[in-house]
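Comments concern the structure below.
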Amino acid sequence: MTKTTSTFTADAVAAGLSIYPHPKPVLYTGALAEAIHVQLRTWVGAELGFTVPAPQTLMAGPADSIARLLGELTEHVHHFGVPVSGDTESWGLAHLFHAHADGLYAAHGRGDAYLLGALYSLIATSAHLADRYEGRIELDPFRDHRPTVDESALIETARMQLTTWVPDTFGTIVYLPERWELHDAADLSDILADVIGAGEAKYDGMDDDDSLRGMAHLANARAHGLKAAYGHGDAHLFAALNSLVLAAASLA
C-alpha cells in the first residue's frame, strides 16, 4: 500500500523521538563526495548536456575525483556555454568556479570543509543556471569564511538550499528566516516541519511519482532534522541536506 503524506509526517516525528530504523548517516570525505555527485546528477545532464560518470569513479580518491569532475564540468561550460544570460549567468558561473576551486583545495589536502563548500556552491550554481534563480547567494556557508564542517555551516547550506526553491514551490506559506535567525539544529527542524506541512497541503491526494518521491525525501529530511535537534550528531544535518536536494529535484 502506498503511504500517504500524513503517514510520512508521522514517521518523521517518530524518528526524532525514538531509534531511527534506517542506517545511521555518516559524514566523511567519501560521503561529501557522493553528495556532490548526486547533486550534479539532478541537473547538469538536462541543463548543460554534461554526462556525470558512474559513482564508482569516486571510490578511489574521492576528493581527487571530485576536483577532476568539477574541472571537466567547468571546461564543458567554457566550450558550450550555459542556457541563461545576464545576472543569473554571472552568478551561476561565479558559484561554479568557486565550487571548482574548493574541489581543488580539498584534493590538495586542505580538509573536508572544502568539499562542503563545493556542494554549497553547486547548489547555488544549479539555482541560477537551471532554475533561473535571481536572488543573491553568498559564496560559502562558513562563519567568518573559516572553512569548517560544523553545525553552523551545515544549517546554512540547508537554509540556502531551501531559499532557492521553497518560495516558488509553496509561496509565502513557509517563512524562511535569514541566516542570523538560525541558532541551532532545532531551528532548522522547525523550518522543515513547516515545509513538509506545506507539501502535504499542496500534494495531498496526488499519486504521481514526482509528488510521492519528493514528499518521501522531505519526510526523510524532517526525520534527520529531528534527530539532529535531539542531539544525535551533525551527520543527521548532512543527511537532511542530501534529502532536500533530492526533494527539490522532484518538487521544484
(request) Putting +1 on Lys and Arg Cβ atoms and -1 on Asp and Glu Cβ atoms, find which of Gly71, Ala252, Pro83 reaches farthest to the positive end of the dipole of the chain. (result) Gly71
(request) Using Cα centres only, tell me the gap between the range 49-73 and the range 119-147 in whole Å. (result) 20 Å
(request) Compute the accessible area per residue over the range 199-252, keeping the other protein chains in place, probe 1.4 Å, unit Å². (result) 38 Å²
(message) Output wanted: per-residue J couplings in Hz (rounded whole) for the range 196-210, from phi through Karplus 6.51 cos²θ - 1.76 cosθ + 1.60, θ = phi - 60°, x for Gly and Pro.
(response) 5, x, 5, x, 4, 5, 7, 9, 4, x, 7, 10, 6, 4, 5
(request) Could you tell me, in Å, what Rg and Dmax come out for the Cα atoms of the range 15-142? (result) 15.2, 51
(message) Helix-only mean residue ellipticity at 222 nm, the chain, DSSP H runs n ≥ 4 weighted -39,500 (n - 2.57), per residue, nearest 500. What is it?
(response) -21500 deg cm²/dmol
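Out of the GluC sites (Glu not before Pro) in the range 72-167, which ones are loop residues according to DSSP with at most 14 other C-beta atoms within 10 Å?
Details: sites: Glu72, Glu75, Glu89, Glu134, Glu138, Glu151, Glu156; in loops: Glu134, Glu138.
Counting only loop positions with at most 14 other Cβ atoms within 10 Å, the GluC sites (Glu not before Pro) in the range 72-167 are Glu134, Glu138.
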(request) Determine the share of the chain's accessible area contributed by carbon and sulfur atoms, expressed in whole percent, with a 1.4 angstrom probe. (result) 53 percent
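The values are calculated or read from the model by the stated rules, or taken from the named source; none is laboratory data. Keep in mind that what you see is a predicted model, and the values were worked out from it rather than measured. FYI the Cβ positions are ideal-geometry reconstructions off the backbone, even for glycines, and counts take in every protein chain you see. When the accessible area is computed, the model is the full protein with side chains, heavy atoms only, and any ligands, DNA or RNA have been set aside. Shrake-Rupley method; radii C 1.70, N 1.55, O 1.52, S 1.80 Å.
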